[in-house]
Amino acid sequence: MIAFRLPKKNLFAATAAVACIMTVFPLAVIAGASPQAPQADGRRPLRDVAGFYGFPHVNVTADQFVCSSAYSSLVFEANSRRLTYNGTLVYLNGPVGGPRDRWRIDAADVDTTIDALLRPSRVLPDRPTRVIVIDPGHGGADLGAVGARNVEEKRVVLDIARRVRAKLQSQPFTVHLTREDDYYLGLEERVELANALGADLFVSIHINSVQNTMVSGVETFVLPASGYPPTSRNDMNGVAGETVSGNSFDAANTLLGYLLQKELLAVAGTPDRGLKRARFAVLKGIRSPAALVECGFVSNPHEEERFLQAQYRDQLAEAIARAIRNFAGRIQ
Ligand SMILES: [Zn+2]
């Protein structure tokens, strides 16, 4: 939690300083004051948030609220949790919106999503990222998703996980897999193992499947913030989302999830299904930043064919490794 109340005068001074620095440095390197405190209902005017981060351009239509600079852009959608950050879809915890240009955003999303994307060095853990735990989903009798050509999720994700380890297994990282081979491991056991290994970062690797064989694309999951529903739930009312230990890393989770989604999309070239939020058992109890990636759909014949190719699995592994290196490298 980084919010604290700033006198209004100081806020404007800080904003001016940020705008000045902006002419030299990209947004991500700016350090300094926190975004202004929320209003009584825990929401913040989106225009003030854009000003705080020094966006020189704000364009509001009935459907979109767009903040942009020479370095980055945020595209918010009306009464929606969908945010597109530099071309990648990131689901907020709560919807933004409001009359005319007086849109507002939940303070929790400023602190754990917007700040994570724009000022990552402020939200990352103090400790360096050294111990990486990669979790290949399923295993043994649990095949995971199976395609029409009998491509099994458990085998594809184990191969990708081994490749990620090979790419990262050198200084400064130590990389562990939750399962080394084709055997079953429960979700709680995976969490306990990662914590016992002293994980600084946890990534669970999966492959998707749905009935509709046309569906394709990449999606990444992190925990919703405390009190928020998962992305799959459309009604925002009456949902008291639980607080779990993984919520200590909400902002870092968002950054890790965003980096994974961005890198996976770059190699897959498939539809961007977004960085989503869900309280998956394998994410809830992890005592480090954690994310779960769904690298594509084995139910889609074209994607199943790609999973058969070692070169493609290697590209996916390289994307995951690149995101991890990028995350670790941002800790200052
Ligand atoms: Zn799976």
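Can you tell me which residue within segment 282-303, out of those that are within 16 Å of the ligand (Cβ to nearest atom) and of a type in the set (Gly, Ala, Ser), is nearest to Gln211 (Cα to Cα)?
Within segment 282-303, the match that is nearest to Gln211 (Cα to Cα) is Ser299.
Any idea which residue in segment 44-74 is nearest to Pro99 (Cα to Cα), counting only those that are surrounded by 15 or more Cβ atoms within 10 Å (Cβ to Cβ) and among the β-branched types (Val, Ile, Thr)?
Among those that are surrounded by 15 or more Cβ atoms within 10 Å (Cβ to Cβ) and among the β-branched types (Val, Ile, Thr), it is Val60.
Does Arg313 satisfy being away from the ligand (no atom under 16 Å from the Cβ) and among the basic types (Lys, Arg)?
In short, no.
Testing Val267 on (1) part of a helix (DSSP H, G or I); (2) touching a strand residue (DSSP E or B) at 6+ places or on another chain (Cβ under 8 Å); (3) closer than 20 Å to Gly87 by Cβ, one condition comes back false. Which one is that?
The failed condition is (2).
Could you please tell me which pairs satisfy a Cβ distance under 6 Å, a separation of 6+ or placement on different chains, a first residue in segment 205-219 that is in the same structural domain as Gly144 (by TED's automatic domain parsing) and more than 12 Å from the ligand (Cβ to nearest atom), and a second residue that is modelled with pLDDT of 95 or more and of a type in the set (A, V, I, L, M)?
Sorted first by the residue in segment 205-219, then by its partner, the pairs are Val218/Leu264; Val218/Leu265; Val218/Ala268.
In segment 267-276, what residues are among the aliphatic types (A, V, I, L, M) and within 15 Å of the chain's Cα centre (by Cα)?
Result: Leu275, single match.
Suppose we filter Gly241, Gly246 for residues that are away from the ligand (no atom under 15 Å from the Cβ), crowded, with 18+ Cβ neighbours inside 10 Å and assigned to a loop (DSSP other than H, G, I, E, B); which single one remains? First the steps, then the outcome.
Details: Gly246 fails: assigned to a loop (DSSP other than H, G, I, E, B).
Being away from the ligand (no atom under 15 Å from the Cβ), crowded, with 18+ Cβ neighbours inside 10 Å and assigned to a loop (DSSP other than H, G, I, E, B) holds for just one of Gly241, Gly246, which is Gly241.
Taking only pairs six or more apart or across chains, which ones have beta-carbon atoms under 6 Å, a first residue in segment 76-87 that is buried (at least 16 other Cβ atoms within 10 Å of the Cβ), and a second residue that is aromatic (Phe, Trp, Tyr) and outside any loop (DSSP other than H, G, I, E, B)?
Hits for this filter: Phe76/Phe65; Arg81/Tyr91; Leu83/Phe76.
The values are calculated or read from the model by the stated rules, or taken from the named source; none is laboratory data. Since this is a predicted model, take the numbers as computed values, not measurements. Don't worry about glycine lacking a Cβ; one is built from the backbone with ideal geometry, like all the others, and counts go over all protein chains shown.
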